[in-house]
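Student: Handing you a structure now.
The values are calculated or read from the model by the stated rules, or taken from the named source; none is laboratory data. This is a predicted model, so every value here is computed, not measured. Here the Cβ positions follow ideal geometry from the backbone for every residue, glycine too, while neighbour counts run over all protein chains shown. When the accessible area is computed, the model is the full protein with side chains, heavy atoms only, and any ligands, DNA or RNA have been set aside. Shrake-Rupley method; radii C 1.70, N 1.55, O 1.52, S 1.80 Å.
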Amino acid sequence: KKCVNLERLNLNDIFVGRKKDEIPESLTNLTKYLASNEKLYAMDLSNNAIGPNGAQALAPFFETTKTLKVLIINNCGLGIEGARIIAQALQKGNVNLEVISMARNRIEDDGVTHLASSLRNMTELREVYVFQNFIRKEGMKNLLEALKSTTKLEALDVQDNYIIEGSVDALISIIYNSEKLKVINVSDCNISEDSNERIIEALEATNLKFEKFGYNYNELNDSDLAKRFLNVLVTENPNLKRLDIKGNDFSKNTKKYYQETLKAANKLQVLSRFESDDEEEEDDQTQLFSDLKV
């Protein structure tokens with residue numbers, strides 16, 4: 001309460017010694033004292049067993065905060081109900097976030113649809129991270145359509161969900177409409193070969209300057225498409241720092257083409273391995289794409 005100049009609050013993994021049913025009360029007490037803070041703009045609540053009950057305890061704060069711009073709440077067991085509670089509280093409070101990360105919470109289609117409703121009106125939104133949430137066709141479509149008109153979007157990470165059918169159209173619209181998008185991770189999203197061609201056509205038609213691009217395990221198997229994908233990223237993106245391409249069925253010639261093309265552009269270091277079963281490495285790649293700090 002006395003920390004009137006508090007701007008950033010990192011509560012990542014702080015409830016290690018608390019029982020699950022004690023956390024909501026702790027959050028209620030904490031946010032009660034934050035209510036009068038007029039400078040807090042960033043909060044990280046990740047890796048705590050918050051769940052729907054904890055989300056309910058946080059709701060009054062989200063409904064009243066006037067300064068919050070960065071909300072990171074990864075791996076908190078929110079589920080559909082927790083996501084709904086937080087999304088509705090943010091919407092009720094007209095919170096205009098710049099960064100939202102609600103990854104690894106199994107919010108699924110219904111949860112992300114509630115989140116999409118609140119994001120739709122956030123005019124300052126720059127970064128969205130909802131990876132590993134078991135979001136399928138309808139939920140992903142609702143999320144991506146909500147972001148189509150977000151003019152300041154710079155980073156989008158929806159790894160390990162589903163981008164199929166109508167959600168492919170919405171993703172392509174984001175590629176066409178976004179002028180500032182520089183980080184995108186759609187790895188492990190079950191993207192089909194036909195959809196790959198449409199996505200690559202969109203990339204070829206735009207002038208986006210990507211710094212990181214995640215495209216692991218997306219059936220980018222056709223040699224010509226794989227080469228076009230690389231060509232547009234290398235040609236149009238002088239600041240490319242990371243290209244994740246594992247798990248696509250590349251031929252030896254395609255792998256050689258990637259290595260030689262990137263080496264010629266002095267960018268061989270940006271390329272991931274073509275294959276890996278190392279789970280720790282997968283976690284490292286997620287961190288590279290998120291790179292969120294409070």
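Student: Conditions first: (1) open to solvent by 10 Å² or more (accessible area, probe 1.4 Å); (2) among the polar types (S, T, N, Q); (3) in a helix (DSSP H, G or I). Residue 254 passes all but one, so which condition is the exception?
Tutor: With respect to (1) open to solvent by 10 Å² or more (accessible area, probe 1.4 Å); (2) among the polar types (S, T, N, Q); (3) in a helix (DSSP H, G or I), residue 254 is out only on (1).
Student: Please find, within the stretch 1-29, the residue that is farthest from residue 107 (Cα to Cα) out of those that are open to solvent by 50 Å² or more (accessible area, probe 1.4 Å) and of a type in the set (S, T, N, Q).
Tutor: Looking at residues that are open to solvent by 50 Å² or more (accessible area, probe 1.4 Å) and of a type in the set (S, T, N, Q), I get 5.
Student: Being modelled with pLDDT of 95 or more and among the basic types (Lys, Arg) is the filter here; which residues of the stretch 122-156 pass it?
Tutor: 126, 136, 141, 152
Student: Something else now. Which residues, taken from the stretch 222-247, are open to solvent by 10 Å² or more (accessible area, probe 1.4 Å) and touching a strand residue (DSSP E or B) at 6+ places or on another chain (Cβ under 8 Å)?
Tutor: Those that are open to solvent by 10 Å² or more (accessible area, probe 1.4 Å) and touching a strand residue (DSSP E or B) at 6+ places or on another chain (Cβ under 8 Å): 241, 242.
Student: Tell me, which residue of the stretch 176-188 that is within 11 Å of residue 154 (Cα to Cα) and open to solvent by less than 50 Å² (accessible area, probe 1.4 Å) is farthest from the chain's Cα centre (by Cα)? Explain how you work it out, then say what you get.
Tutor: Start the filter on the stretch 176-188 by keeping residues that are within 11 Å of residue 154 (Cα to Cα), which leaves 178-184.
Now restrict to residues that are open to solvent by less than 50 Å² (accessible area, probe 1.4 Å): 178, 181, 183-184.
Working: 178: 16, 181: 12, 183: 9, 184: 8 Å.
In this case the residue turns out to be 178.
Student: Hey, among the residues in the stretch 120-145 that are under 13 Å from the mean Cα position of the chain (by Cα) and aliphatic (A, V, I, L, M), which one's nearest to residue 96 (Cα to Cα)?
Tutor: Ranking the qualifying residues of the stretch 120-145, first place goes to 125.
Student: Additional query: With the requirement that a residue be in contact with a Gly (Cβ under 9 Å, 6 or more places away or on another chain) and either part of a loop (DSSP other than H, G, I, E, B) or among the polar types (S, T, N, Q) (or both), what does the stretch 221-247 give you?
Tutor: 245
Student: Could you identify the single residue in 68, 27 that is under 21 Å from residue 128 (Cβ atoms) and in contact with a Leu (Cβ under 7 Å, 6 or more places away or on another chain)?
Tutor: 68
Student: Something else about it: Any chance you could count how many residues in the stretch 30-52 are more than 11 Å from residue 76 (Cα to Cα) and either more than 21 Å from the chain's Cα centre (by Cα) or in a helix (DSSP H, G or I) (or both)?
Tutor: Count: 11.
Quick grid of which residues meet (1) modelled with pLDDT under 95; (2) surrounded by fewer than 23 Cβ atoms within 10 Å (Cβ to Cβ); (3) more than 30 Å from residue 166 (Cα to Cα):
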residue	(1), (2), (3)
31	yes, yes, yes
36	yes, yes, yes
39	yes, yes, yes
81	no, yes, no
84	no, yes, no
90	no, no, no
93	no, yes, yes
102	no, no, no
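Student: How many of the residues in the stretch 120-149 are open to solvent by 10 Å² or more (accessible area, probe 1.4 Å) and under 24 Å from residue 211 (Cβ atoms)?
Tutor: Count: 7.
Student: Provide a single number: the residues in the stretch 201-221 that are of a type in the set (D, E, K, R) and surrounded by 19 or more Cβ atoms within 10 Å (Cβ to Cβ).
Tutor: 1
Student: Moving to a separate point now. Pairs please, first residue from the stretch 8-30 and within 16 Å of residue 57 (Cα to Cα), second anywhere and modelled with pLDDT of 95 or more and of a type in the set (Asp, Glu), Cβ atoms under 8 Å, 6+ apart in sequence or on different chains.
Tutor: So the pair list comes out as 11/44.
Student: Looking only at the stretch 58-100, which residues are under 18 Å from residue 110 (Cα atoms) and assigned to a loop (DSSP other than H, G, I, E, B)?
Tutor: 73, 74, 75, 76, 77, 78, listed by residue number.
Student: Please tell me if residue 270 is of a type in the set (A, V, I, L, M, F, W, C), modelled with pLDDT under 95, farther than 30 Å from residue 40 by Cβ and in contact with an Asp or Glu (Cβ under 8 Å, 6 or more places away or on another chain).
Tutor: no
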